[in-house]
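Notes to accompany the following structure.
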Amino acid sequence: MKPHFGEDICSLCGKSLDRPTIGLSWFIGNLPEEIFQYGETTMHMDCFDGWKHRLRFSHEAYPLSLKRYKVSRGQSGYLLHEAENYALVCGPIGPHTSNTTPLVADLFRTWHGSHAGELAPFYTDVILRDWDFRLRSNWYDWEQFIFDGYKQQYDGLSTESKAQIDDIMTQLRGHIPGLETLWAILDQKRTELEDD
């Protein structure tokens, strides 16, 4: 089956993109043409979830998604935590208090504790090995995201897939339950790179 091409149609079913979608990775090197040709296309989330090549495509994309964090030495962000079926990355790092009034900066320090006013990543991504997409959170929204905020990002997936992702997020919540833990891991990664 050849992919359907067009700005407003699903590459798998050819119908209008009128429900949640996913944009697939642009380059996967070791796949046969029947799968490779779907790279850099858009599909409905439910079409992608039921696609017979989803796992193979996603498993090829996964290490490529992590590579930039492993080799960038922090310039593209950091690989914070890696497990068998997911990885947590962050970055890039930049100021969060620029262009703010002194009052807003003081409130920021009150809300975000000891790291307030420091350079911080703009986001965290949970990269999922079995699905070619990421669950994204603003760095400072981590606690809301890790408990249930991520669920709004997987609309369109099957109940089974949602349950698998919920299991992953439960594991991750056990490792990194709050923002202070997230900061500690980032600080450790930054120190490791400085020591190299």
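The values are calculated or read from the model by the stated rules, or taken from the named source; none is laboratory data. The shown structure was predicted, so the numbers you read here are calculated from the model rather than taken from an experiment. Reconstructed Cβ throughout: ideal geometry from the backbone, glycine too, with neighbour counts over all protein chains shown.
List of remarks:
- Scoring F5 on the criteria (1) of a type in the set (F, W, Y); (2) modelled with pLDDT under 80; (3) touching a Ser or Thr at 6+ places or on another chain (Cβ under 8 Å); (4) surrounded by 15 or more Cβ atoms within 10 Å (Cβ to Cβ) leaves a single failure, condition (4).
- For the stretch 149-196, the set of residues classified as among the aliphatic types (A, V, I, L, M), farther than 15 Å from W139 by Cβ, modelled with pLDDT under 95 and in a helix (DSSP H, G or I) consists of L193 only.
- So G113, is it touching a helix residue (DSSP H, G or I) at 6+ places or on another chain (Cβ under 9 Å), assigned to a helix (DSSP H, G or I) and modelled with pLDDT under 90: yes
- For the residues G39, G14, the requirement of being surrounded by fewer than 21 Cβ atoms within 10 Å (Cβ to Cβ), touching a His at 6+ places or on another chain (Cβ under 8 Å) and either in a helix (DSSP H, G or I) or not charged (D, E, K, R) (or both) singles out G14.
- Residues being outside any loop (DSSP other than H, G, I, E, B), touching a residue at least 24 places away in the same chain (Cβ under 8 Å) and over 8 Å from the mean Cα position of the chain (by Cα) - total across the stretch 124-139: 1
- Counted residues, the stretch 116-133 - those being closer than 20 Å to K162 by Cα and either modelled with pLDDT under 85 or surrounded by fewer than 18 Cβ atoms within 10 Å (Cβ to Cβ) (or both): 1
- Subset of the stretch 43-78 [touching a Lys or Arg at 6+ places or on another chain (Cβ under 8 Å), under 29 Å from S158 (Cβ atoms) and in a strand (DSSP E or B)]: H44
- Filter pass, F27 being at pLDDT below 90, under 18 Å from Y86 (Cβ atoms) and aromatic (F, W, Y): no
- Candidate set: the stretch 28-82, residues that are among the acidic types (D, E) and in contact with a helix residue (DSSP H, G or I) (Cβ under 9 Å, 6 or more places away or on another chain); chosen: the one farthest from E7 (Cα to Cα): E82
- Close pairs from the stretch 1-22: first among the charged types (D, E, K, R), partner loosely packed, with under 13 Cβ neighbours inside 10 Å and modelled with pLDDT of 90 or more, Cβ under 9 Å, at least 6 apart: D8/S16; D8/D18
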